[in-house]
Amino acid sequence: MSVVLLSGNEALARGAYEAGVQLAAAYPGTPSTEILENIAQYKTIRSQWSPNEKVATEVAIGGAIAGGRSLVCMKHVGVNVAADPLFSFAYTGVNAGFVIVSADDPGMHSSQNEQDNRQYARFAKIGLLEPSDSQECKDFIKLAFELSETFDLPMMVRITTRIAHTKGLVRLEEPSLPQPKAYQKNFAKYVTLPANARRLRVSLAERLHRLAEYNETSPLNRMEIQDKSLGVVTSGICYQYVKEALPNASVLKLGITNPLPLQLISQFAAQVEELWVVEELDPFMEEQISAASIPCLGSNGCIPFYGKELLPMIGELSPSILREKILGQPAEKAEPAPYSPERPPVLCPGCPHRNVFYTLQELHCTVTGDIGCYTLGALPPLSAMDTCICMGASIPMALGMEKVHPEMADRLVAVLGDSTFFHSGMTGLVDQVYNGGSATILLLDNSITAMTGHQNHPGTGIQLNGQVSVKINYENVIRALGVNRVCTVDAYDLAALRQAIEAELAVREVSVIIVRQPCVLIRNDLTGRCQVNPKQCKNCKACLKLGCPAMTQQDKKVLIDPTLCVGCGACLQLCKFGAIEKGVN
């Protein structure tokens, strides 16, 4: 048995391998992306990127019903997309084991919200496991498959950003090689017609009750009894914070948090003088413990019970926060960071999206945006995006704006990326066509899922394992969805881009402009970095409106940093005085 250093995501992938998983699917999303990228190295597992989380979940559900252990991974907001099949799958139950990994993001390091997906597990009535380190990531996912098959339930393994990306020592074991179970047609179990669903609803309650009974004695939950003056109920990464901040406290560490082992919690509470529930985000455990009227040790018959009344409900916890709130110790003051210039988030030098948002700003458009690198088009100096809600929302939101304010149509633009178009943009486009919208839609095709680290998708024609597949043609798909006006422009040609947008804004029917140039980080064919001739520069600052990080201003002259410029030539097109010219690499 070897011991290696693995991140939580790497350990989850290893656990899937050791558990004998046969099928894994996902849509990339930070902090979950690396799970499937690491699973792909295990050739015994058939793994794939799917167009979105709902599709990935349905693929895995099909695999589990067919008889192979199946895994689906996503970031927390992805579960919103996957919720529809997940809720009904809880009713039918599994054949072989099924596990969904939800990677939550407290503090929103790379997310548009910080929803607590433990609520989803309770809402969907499925089991929930919360590992606290990399070793538990590997071990828990293996057990999750066993529990899924034992109790005929989908299981959720919920991690957070700190668990996903923090590395720890992991003991490796030999993989199990379970043979796929036989598939058997079972109308009453797998067809959720109302008559069947009503029976399955009762069955689901019974299966969940059996899991709750198991959880009262599960080895994944353990008491660490020390100083009984202070007791803490906790789970996940918060266990690590508690052990660091309160090394002498008694702790009930829960590995399975849905259904909660309320009898076990009651036994723990009866041994301590003061009870704290330490958890990030929602009072998920606290509310259930409070509602259960847990018996206690307190001298007046009511144990001192603390949770979100004193602990923050927003963002990540830390040992420092716990020391301050529980022990009354002043919060540690961080050493001031050495001076460094401020660097707000910005599109990369040479990013083809920059030219789109520069042009939309110049045309004074109202822009409904979407999730991706191009969301940075909302920031100064471009400031060209008005809204951003969730994946695939840009096109339907433009339709909604037009329905309320028809006069906005002549300056209304929706933008979304190539991967997002396949994720959930297509249905919005169908709605535009079907319900008579007339928005101008810009599909920003940079030939990759750039925002999560360059994963392939149906528009690249490359599968997760590198195998060449069918490359879906955007123009054909868009025309097939009923759009008559479809054109393609070069993202680096500012004049052509402006001309195309102006032409489509003038037309009162839905139109799509595919703005195409590969992500600058996946190409090496751009040549000739730009440079400024200071004798010709009039300091008009027109080029600075692009917001290119390679450009700065010193002594009333613009300078281009040759170490950042990639030679896209956008600034050159804006200079009326010919002060910018192509140099040499």
Query raised in the report: Once amide H atoms are built 1.01 Å from N in the peptide plane, which residues 5 or more positions from S50, or in another chain, come under 5 Å H to H?
Result: A26, Y27
Query raised in the report: Under 16 Å from a point 7 Å along the Cα-to-Cβ line of D84: which residues of the range 392-436 have their amide N that close?
Result: 392-393, 396, 422-432
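Would you calculate, for the chain, the mean residue ellipticity at 222 nm contributed by helices, counting each DSSP H stretch of 4 or more residues as -39,500 (n - 2.57) and dividing by all residues, to the nearest 500?
-9500 deg cm²/dmol
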Query raised in the report: Computed on alpha carbon atoms, what radius of gyration and Dmax characterise the range 158-268, expressed in Å?
Result: 19.7, 57
Report summary line: Sorted by chain and number, the residues with a modelled amide H under 5 Å from that of G127, at a separation of 5 or more or across chains, are M156
Report task. Any chance you could tell me what percent of the C-alpha pair distances in the range 1-107 go past 25 Å? Result -> 15
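Which trypsin sites (Lys or Arg not before Pro) in the range 291-380 sit in a loop by DSSP (not H, G, I, E or B) and have at most 13 other Cβ atoms within 10 Å of their own Cβ?
In loop regions of the range 291-380 (DSSP not H, G, I, E or B), the sparsely surrounded trypsin sites (Lys or Arg not before Pro) are K333.
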Query raised in the report: Which pairs, out of K54/K75; K125/K181; K125/K253, put more than 20 Å between their alpha-carbon atoms?
Result: K125/K181; K125/K253
Report task. Would you mind giving the average projected area, over all directions, of the Cα convex hull of the chain in nm² with one decimal? Result -> 31.5
Query raised in the report: From the Cα gyration tensor of the range 432-585, with a ≥ b ≥ c the square roots of its eigenvalues, which class applies: rounded if a/c is under 1.5, or else prolate if a/b is larger than b/c, or else oblate?
Result: oblate
**Report entry** Distance histogram for the range 100-197 (every C-alpha pair counted, 10 angstrom bins, percent rounded to whole numbers)
**Finding:** 13, 34, 32, 17, 5
Report summary line: Counting only DSSP beta bridges fully inside the chain, the antiparallel percentage to nearest 5 is 25
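Give me the number: length gained by fully extending Q329 to K43, i.e. 0.36 nm times residue separation minus the C-alpha to C-alpha distance, one decimal in nm.
Length gained, Q329 through K43: 97.8 nm.
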Report task. Enumerate the calculated ³J(HN,Hα) couplings along the range 197-210 in order (Karplus 6.51 cos²θ - 1.76 cosθ + 1.60, θ = phi - 60°), each rounded to whole Hz, writing x wherever the residue is Gly or Pro. Result -> 4, 5, 5, 5, 4, 5, 4, 4, 4, 5, 5, 5, 5, 5
Report summary line: Cross-link reach from K333 to lysines, straight Cα distance under 25 Å and at least 8 residues apart if same chain, gives K243, K308, K325
Report summary line: Any lysines whose Cα falls less than 26 Å from that of K545, other than same-chain ones fewer than 8 residues away, would be K535, K556, K557, K576, K582
Query raised in the report: HN-Hα J couplings of the range 421-433 from phi, Karplus 6.51/-1.76/1.60, θ = phi - 60°, integer Hz, Gly and Pro as x?
Result: 4, 6, 4, 7, x, 5, 5, x, 5, 4, 5, 4, 5
Query - Contour minus Cα-Cα distance for N484 and V404 (0.36 nm per residue) - result: 26.4 nm
Report summary line: Under 5 Å from the placed amide H of T488, counting only residues 5+ away or on other chains, we find I514
**Report entry** Cleavage-rule hits, trypsin sites (Lys or Arg not before Pro), the range 542-585, DSSP coil, Cβ neighbours within 10 Å at most 15
**Finding:** K556, K576
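Readers should treat all values here as calculations from the given coordinates under stated rules, not as data from a laboratory. If you're wondering where the values come from, they're calculated on a predicted model, not measured in any experiment. Neighbour counts are summed over all protein chains in view; Cβ atoms, including those assigned to glycine, are modelled from backbone coordinates with ideal geometry.
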